[in-house]
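All remarks here apply to the structure that follows.
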Amino acid sequence: EDDIIQQFEVNYQPIYTINGNRMIFVEALARWKHLDLGIVEPREFISLAETLGRIEVLNETLLNTALRQVSGWNGDVGLAFNLSAAQVS
């Protein structure tokens, strides 16, 4: 199971001010690069992780990765990170 977690990575979507002149946040986006299947869409793997009871460890791993990566960046950029509905409730 932990080997599968290692197949996930974080990509970032920039979020700009309303006039578009400054990036203020990046949204962390989970991506699964499955060894055999290739890219698995979030709408597929999130529900699977929730069903298998692995969403919490997945989110924790990805959040830690995102925090570690963003903390090394220059500038004042916030981080947006989505949680699954199952985890929030």
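For the chain, a Gaussian network of Cα nodes joined below 10 Å ranks Leu48, Leu79, Leu37 by mean-square fluctuation, and the top entry is Leu37.
The calculated 222 nm mean residue ellipticity attributable to helices in the chain amounts to -11000 deg cm²/dmol, summing -39500 (n - 2.57) over DSSP H runs of n ≥ 4 and dividing by all residues. For the residues Leu63, Leu29, Leu52, a GNM of the chain with alpha-carbon springs under 10 Å puts the largest fluctuation on Leu52. Quick one: compute the contact order of the chain, relative version, from alpha carbon pairs under 8 angstrom and 6+ residues apart, as a percent. Averaging sequence separation for qualifying contacts and normalising by length gives 29 percent for the chain. Within the full protein context, the accessible area of Val88 is estimated at about 100 Å² for a probe radius of 1.4 Å. Under Stokes-Einstein, with the Kirkwood radius over Cα pairs as Rh, the value for the chain at 25 °C and 0.890 mPa s is 173 µm²/s.
Taking amide H as placed 1.01 Å from N in the peptide plane, the amide H of Leu79 sits under 5 Å from that of Val26, each at least 5 places away or on another chain. Show me the chymotrypsin sites (Phe, Trp or Tyr not before Pro) within region 37-89 that DSSP assigns to loop and that have at most 13 other Cβ atoms within 10 Å of their Cβ. Answer by residue number: Trp73. Beta-bridge orientation, the chain: approximately 75 percent antiparallel, per DSSP, counting only bridges with both partners inside. The Cβ shell under 13 Å around Glu44 holds other residues with a net charge of 0, Lys and Arg each +1, Asp and Glu each -1. Applying both filters, DSSP loop and at most 11 other Cβ atoms within 10 Å, to the trypsin sites (Lys or Arg not before Pro) of the chain gives Arg22.
The values are calculated or read from the model by the stated rules, or taken from the named source; none is laboratory data. Everything quoted here is computed from the prediction, not taken from an experiment. All Cβ positions, glycine included, derive from the backbone under ideal geometry; neighbour counts span all protein chains shown. Side chains included, ligands, DNA and RNA excluded: accessible areas come from the protein's heavy atoms. Shrake-Rupley method; radii C 1.70, N 1.55, O 1.52, S 1.80 Å.
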